[in-house]
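The values are calculated or read from the model by the stated rules, or taken from the named source; none is laboratory data. These numbers were taken from a predicted model, which means no experiment stands behind them. Here the Cβ is made from the backbone with ideal geometry for all residues, glycine too, and neighbour counts use every protein chain on show.
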Amino acid sequence: MPVISSPLNPRIARLRELHTPRGRKKHGLFLMEGPHLLKELLERAVAPLEVYYQPDLLARTAEGQTLLARLLRGEVAERSLVQVSVRVIEALGEVQTSQGVVAVLPLSAFSYEEVAARRPPALRPTLLILDRLADPGNLGTILRTALAADVAAVLLTPGCVDAFSPKVVRAAAGAHLALPLAEEQPWDEIARRVREHCAPELRVFLAEAGAPQLYYEQDLSLPFALIIGNEAHGPSEAARSLATGRVSIPLANGVESLNAAMATGILLYEAVRQQRQGRSTPRK
């Protein structure tokens, strides 16, 4: 196949639609940019539909050189591999300096059910609910942290930023490959999933600045759900209705709140600490 050199090529124009939520829904596809993410795909045997690459840009780093060698020796089907110009790869990507490769993937391969089926079975007491989270960097960082903390799944309410936007995918650094994620979940479905996860006792902690209960005083070794609210407006009324308790992180020196991703990381890793210690009763 000849090198595609113009960003105006109809094939490239169609792929650029995937930069928008509407385009992703219309085509059922999304983009993963950069050699690290493509390497993760290959390691997990998730085949991209297409890989667009620019060899000179890929060859600038050791990671890129290794990936280029893997591509050229056939680890991606030849019919799926498309060489492009620097202008085209820059048009396909969103970062200021392109790393030389963009993969096209079907959204269906990253459904909650598909990812859960690929994940090794384990006891995972934490279920994470994100309520109208708006910042893509926060969402991506939280997904990466949630995977590292081995949460059972992440549920996103309507109004959350698109979990497959390029900025979220980039910040999540491969979490989409291994973390079960359900978008646009209505609250009745969230409540059903929470009851199933927490049975026999419903335990739903809502993170909220200034709440009277401190997060480390709760028993996080048993199954529970954690709700993180919108960065600017806090949790919705539906989130408050589902919660069985509100928890906060102690703050000093007049600090009113923490970044949502930072706060989520603190809470999830307290759960990790308790689960590893096997503590079954809350600290008094």
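Figure legend. Inter-residue proximity from region 193-222: first residues free of Cβ contacts under 8 Å to residues at least 40 places away in the same chain and under 25 Å from L251 (Cβ atoms), second residues crowded, with 16+ Cβ neighbours inside 10 Å and of a type outside the set (S, T, Y), beta-carbon distance below 8 Å, spacing 6+ or different chains. Indicated pairs: A211/R246; A211/V247; P212/R246; Q213/R246; Q213/V247; L214/V247; L214/I249.
Among the candidates L42, L72, L67, which residue alone is at pLDDT 95 or above and either under 21 Å from G137 (Cβ atoms) or not acidic (D, E) (or both)?
Details: L42 fails: at pLDDT 95 or above; L72 fails: at pLDDT 95 or above.
Answer to the check: L67.
I'd like the residue in region 3-41 that is within 18 Å of the chain's Cα centre (by Cα) and hydrophobic (A, V, I, L, M, F, W, C) and, out of all such residues, is nearest to L81 (Cα to Cα). It would help to see each step written out before you state the result.
Our first condition is that a residue be within 18 Å of the chain's Cα centre (by Cα); within region 3-41, this holds for 18-21, 24-25, 28-41.
In the following step, the residues that additionally are hydrophobic (A, V, I, L, M, F, W, C) were identified as 18, 29-32, 37-38, 41.
On the way: L18: 18, L29: 17, F30: 16, L31: 14, M32: 14, L37: 16, L38: 13, L41: 15 Å.
Here the answer is L38.
From the list S236, S241, S248, S221, the lone residue that is touching a Ser or Thr at 6+ places or on another chain (Cβ under 7 Å) and assigned by TED's automatic domain parsing to the domain that holds R124 is S221. Could you list, in sequence order, the residues of region 166-210 that are under 21 Å from the mean Cα position of the chain (by Cα) and either assigned to a loop (DSSP other than H, G, I, E, B) or not assigned by TED's automatic domain parsing to the domain that holds I227 (or both)? A173, G174, A178, L179, P180, E183, E184, Q185, P186 - these are the residues of region 166-210 that are under 21 Å from the mean Cα position of the chain (by Cα) and either assigned to a loop (DSSP other than H, G, I, E, B) or not assigned by TED's automatic domain parsing to the domain that holds I227 (or both). The set of residues from region 49-62 being assigned to a helix (DSSP H, G or I) and either of a type in the set (F, W, Y) or closer than 19 Å to E94 by Cβ (or both) comprises L57, L58.
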